[in-house]
Amino acid sequence: MTFRASDATLVRLEWPRLLELLAAQAATERGADALRALDFPATHAGARERLDETSEARRLLDAASDPPFGGIVDLRVTEVELARGRALAARELAQLAQTLEAARRVRGALREKRELAPGLVALAETLPDLRALESAIGAVVTAAGEIRDDASPELRRARRRVRELEGEIERQMARHLRDADVQAHLQDSYATFRENRPVLPIRAEARQRVRGIVHDVSSSGTTVFIEPEDVVEAGNRLRIAQTELTREIERLLTELSGRAREHTPELEAQGATLERLDCAFARGRLSRRASARAPRIAPDCALELRGLRHPLLLLEAGLAPEDVVPNDLVLADGARCLVISGPNAGGKTVAAKAVGLAVLSLRAGLHVACDEGSSLGLFDAVFAEIGDEQDLRAGLSTFSARMANLAEVVAQADAQSLVIADEVGEGTEPGEGAALAQAILEALVARGARVLATTHFNRLKELAGDDPRFANASAEFDPETLLPTFRIHLGQPGSSGAMWVAQRMGLDESVVERARELMDREDSRLEALTRGLSELRQELEAERRLALRMREESEVARSAYETRLTALRGAREQALAAMKSDLEAAFARARAEIAHVVRALQRGDAAAGPAANRAQAELARIRERTAAVEERQREPEVTPAAAPAAVDDSRLVAGARVELAGVRSPALVLEPPDKRGRLAVRVGAARTVVARSRVTRVLSGEPAKPKPSSAHVTLRRELAEEPSSLRCDLRGLRVDEALERADSALQRLLGRGGGQVIFIHGHGTGALRDAIRSWLRSVRGVEKFEPGGPREGGNGVTVATLAD
């Protein structure tokens, strides 16, 4: 069925303003003209097809894959001229070639996007392939609309002949300008052209002194323009050459126009296809600007618009989507009429117009500014009765004019119609107006139409409680600020709040009270009820928004925590993997050294004993560190923490080994707890201060036994004596690596009663030197440490002396 909507209805719903905004999104002049006069498809299938095109264009735009429409020219006038048989000018042919090239680019760009937009790609494939015509025009006409010199041999010869004659005439005229006999009679020292003939400006009184043909006289009569006699013949030859050139150009243009005329049907089809593609992408751009989408098309003209926003607020007022209040406008559970009540300027009419524009947009193939989950039917008719109208010529008042319009609507509305009636029944005695409004709405609903009616009549608000075909909605009003919030709430009527607003605005309280007394009792009760419900709803809505905001904030915090935790876990895994790799390399080196020592012992080399002991000790330490890294790589199991047993402070003495909460390796107590409950401990090579509460258990004083080695070498201590001094080379190591190696070297001499360890750290930046000396201050058993002597390396060496 053909879509019906009068021009008056379209203007009331501000449809022309939306079309102007749509036309501004077009890339071509022809597309913009088509969008300003956008039609409504005659069938539902046509509307669905156009909607599919809009959706495909939106997908391509979201993927930054819109085709290049630049260079397309509206050729409708050119096509008419071709059909009449007129030869096109060079500029017109250049525009034709430019459009052919642009169409080829559009077709090629869309061909690569078949998965995203199969319908638009299929449409672009219908663009005719006119490369032969494009090449033929390009061989004769430049992009600037000029004839090429090499368009034909005859044209080349004609232009060369014209240039030669122009040069000859220019030389002859220059000779005359230098001639003393002529100079005396010149009005000005230049040569020019009149009627395409070369002339000299001669003073009128001296025109008899210069032989030649007078071609023009100045407006003042003081100057005559004379072609010298001896130049006339050259000028005649130039005119003949120019005529030949013009004829050759006309021949070329006529020939090209004839070739273009042969393709007139293809050119017309190409123009229509490019217009359709441009319109589709303009609709897609408008959808993107308005954050719109295609609602689900309901088969029975259902109306369920979630988060609906008025498109002109988004597009014309320049507001962001989050700045426009979204509203749910729904006709559900068999209801066919939504009665929207509430205060003036509360957004009732804007909401109703937004629904009307949504229905028009969907029927015209445009997206709707609504949220996911919306559904809307393809209506066949839209009627809108909005505003204050008078017809002075017909002698009709506002009320009479509106009743005349409503009479036509009632007569034409059916089950495929949407009717928007703003303040229906207003403009006459309230009792009669309300009764008439109810009767009109009941008649429209009986005819099956969907209706949105705004009102202040309590009689219409009560309809929803008595008739399931009617549903209430209310526009919200903030009683504190006396400003509308523009939110529409479904399921309950709204208070007009006239008494309340009047009192707030300073009207004397006695006047307001008198007005309340004059109100009908039922009206008063209903007004009080709706006002109370409105206040309660606002309180609940405020609490709901607070709860939603708190939930969003907690979700954001949770997401940030999970992201940070994932990053930390990844960094930890990388660090531990790197440590394990280094330890495995060290383990391989230690095993190789042990094998070398074993072979030396087997050969009877007594000097290999100390080296074997050192290698065995190094291997044991590497195994312990490897096991520690593997243990740290395992994710800790989350189990309920048992209450730690009380630890006796008397056991927290220097030298005691303890376990600390959150630390996998045992710690060595360096200093017992102080008055503030803090004790100094050493974990590995690092010295730190921890709270007394961190100690979970006191271990035995025995050193941890090394794990059994699969490559065990039994060595007798009698093979060699440990040296009384050691050299420990730390150059090239990181601080943590250097401290590990230094601690290993120091442990080998501690407890033997004296000795020295020479730590070679180099000069460098001094960071490694400072770290070694700071660590030595915290190590029990170190009597002193000092820089090395001049022959030992000076300040690049630290010599640690152990206590006896």
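The values are calculated or read from the model by the stated rules, or taken from the named source; none is laboratory data. As the structure is a prediction and not an experimental result, all values here were calculated from the model. Every residue, glycine as well, gets a Cβ built from its backbone with ideal geometry; the counts of neighbours run over all protein chains shown. Keep in mind that these areas ignore ligands, DNA and RNA; they rest on the heavy atoms of the full protein, side chains included. Shrake-Rupley method; radii C 1.70, N 1.55, O 1.52, S 1.80 Å.
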In the stretch 331-367, what residues are of a type in the set (A, V, I, L, M) and assigned to a loop (DSSP other than H, G, I, E, B)?
-> 332, 335, 345, 366
Count of residues meeting criterion [farther than 20 Å from residue 355 by Cβ and of a type in the set (D, E, K, R)] in the stretch 427-463 = 5
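If you go through the stretch 791-800 one residue at a time, do you hit one that is polar (S, T, N, Q), farther than 26 Å from residue 671 by Cα and in a helix (DSSP H, G or I)? I'd like the intermediate steps shown before the answer.
First, pick out the residues of the stretch 791-800 that are polar (S, T, N, Q): 795, 798.
If we keep only those that are farther than 26 Å from residue 671 by Cα too, we end up with 795.
Filter once more, keeping what is in a helix (DSSP H, G or I): 795.
Yes, the conditions are met somewhere in the stretch 791-800.
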Strands (runs of 3 or more DSSP E) enclosed by the stretch 647-739 - at least 3 residues per element that are within 30 Å of residue 763 (Cβ to Cβ) and modelled with pLDDT of 75 or more = 725-729
Are there any pairs, at least 6 apart or on different chains, whose C-beta atoms fall under 6 Å, with the first in the stretch 317-346 and under 14 Å from residue 305 (Cβ atoms) and the second among the polar types (S, T, N, Q), and if so, which?
-> 340/454
Considering (1) part of a helix (DSSP H, G or I); (2) at pLDDT 90 or above; (3) surrounded by 14 or more Cβ atoms within 10 Å (Cβ to Cβ), say which one residue 407 fails and leave the rest.
-> (3)
Determine, yes or no, whether residue 14 is surrounded by fewer than 16 Cβ atoms within 10 Å (Cβ to Cβ) and in contact (Cβ under 8 Å) with a residue 24 or more places away in the chain.
-> no
Return yes when residue 153 is open to solvent by 20 Å² or more (accessible area, probe 1.4 Å), over 30 Å from residue 102 (Cβ atoms) and modelled with pLDDT of 90 or more and no when it is not.
-> yes
Residue that is nearest to residue 192 (Cα to Cα), among those in the stretch 229-246 that are of a type outside the set (Val, Ile, Thr) and open to solvent by less than 10 Å² (accessible area, probe 1.4 Å) = 235
Just name the residue that is farthest from residue 459 (Cα to Cα) out of those in the stretch 414-430 that are out of contact with any Leu (no Cβ under 6 Å at 6 or more places or on another chain) and β-branched (Val, Ile, Thr).
-> 428
Pair list, Cβ < 7 Å and 6+ apart or interchain, from the stretch 257-270 residues that are within 14 Å of residue 136 (Cβ to Cβ) to residues that are in a helix (DSSP H, G or I) and aliphatic (A, V, I, L, M) = 257/82; 259/133; 259/136; 260/82; 260/96; 260/133; 261/82; 263/133
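Out of 226, 249, 297, I need the residue that is open to solvent by less than 60 Å² (accessible area, probe 1.4 Å) and in contact with a Ser or Thr (Cβ under 8 Å, 6 or more places away or on another chain). Which one? It would help to see each step written out before you state the result.
Numbers: 226 fails: in contact with a Ser or Thr (Cβ under 8 Å, 6 or more places away or on another chain); 249 fails: in contact with a Ser or Thr (Cβ under 8 Å, 6 or more places away or on another chain).
Only one candidate qualifies: 297.
Which one of 109, 124, 143, 83 is under 16 Å from residue 273 (Cα atoms), open to solvent by 20 Å² or more (accessible area, probe 1.4 Å) and hydrophobic (A, V, I, L, M, F, W, C)?
109
Take residue 401 and tell me if it is part of a helix (DSSP H, G or I), small (Gly, Ala, Ser) and open to solvent by 60 Å² or more (accessible area, probe 1.4 Å). Don't jump to the end; show me each part of the working.
On the way: part of a helix (DSSP H, G or I): yes; small (Gly, Ala, Ser): yes; open to solvent by 60 Å² or more (accessible area, probe 1.4 Å): no.
Answer is no for this residue.
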If only one of 23, 27, 83, 87 is over 30 Å from residue 375 (Cβ atoms), touching a Leu at 6+ places or on another chain (Cβ under 6 Å) and touching a residue at least 60 places away in the same chain (Cβ under 8 Å), which one is it?
-> 87
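What about residue 104, is it open to solvent by 20 Å² or more (accessible area, probe 1.4 Å), touching a residue at least 60 places away in the same chain (Cβ under 8 Å) and of a type in the set (Lys, Arg)?
Details: open to solvent by 20 Å² or more (accessible area, probe 1.4 Å): yes; touching a residue at least 60 places away in the same chain (Cβ under 8 Å): no; of a type in the set (Lys, Arg): yes.
Spelling it out, it is not the case that residue 104 is open to solvent by 20 Å² or more (accessible area, probe 1.4 Å), touching a residue at least 60 places away in the same chain (Cβ under 8 Å) and of a type in the set (Lys, Arg).
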Give just the number: which of (1) open to solvent by 20 Å² or more (accessible area, probe 1.4 Å); (2) modelled with pLDDT under 95; (3) out of contact with any strand residue (DSSP E or B) (no Cβ under 7 Å at 6 or more places or on another chain); (4) of a type in the set (A, V, I, L, M) does residue 312 not satisfy?
-> (1)
Positions within the stretch 35-46 being surrounded by fewer than 19 Cβ atoms within 10 Å (Cβ to Cβ) and in a helix (DSSP H, G or I), in sequence order | 36, 44, 45, 46
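Take residue 60 and tell me if it is touching an Asp or Glu at 6+ places or on another chain (Cβ under 7 Å) and touching a residue at least 12 places away in the same chain (Cβ under 8 Å).
Yes: the conditions hold for residue 60.
Kindly evaluate residue 338 against the criterion of being open to solvent by less than 10 Å² (accessible area, probe 1.4 Å), within 30 Å of the chain's Cα centre (by Cα) and closer than 12 Å to residue 452 by Cα.
Details: open to solvent by less than 10 Å² (accessible area, probe 1.4 Å): yes; within 30 Å of the chain's Cα centre (by Cα): no; closer than 12 Å to residue 452 by Cα: yes.
So residue 338 does not fit the description; no.
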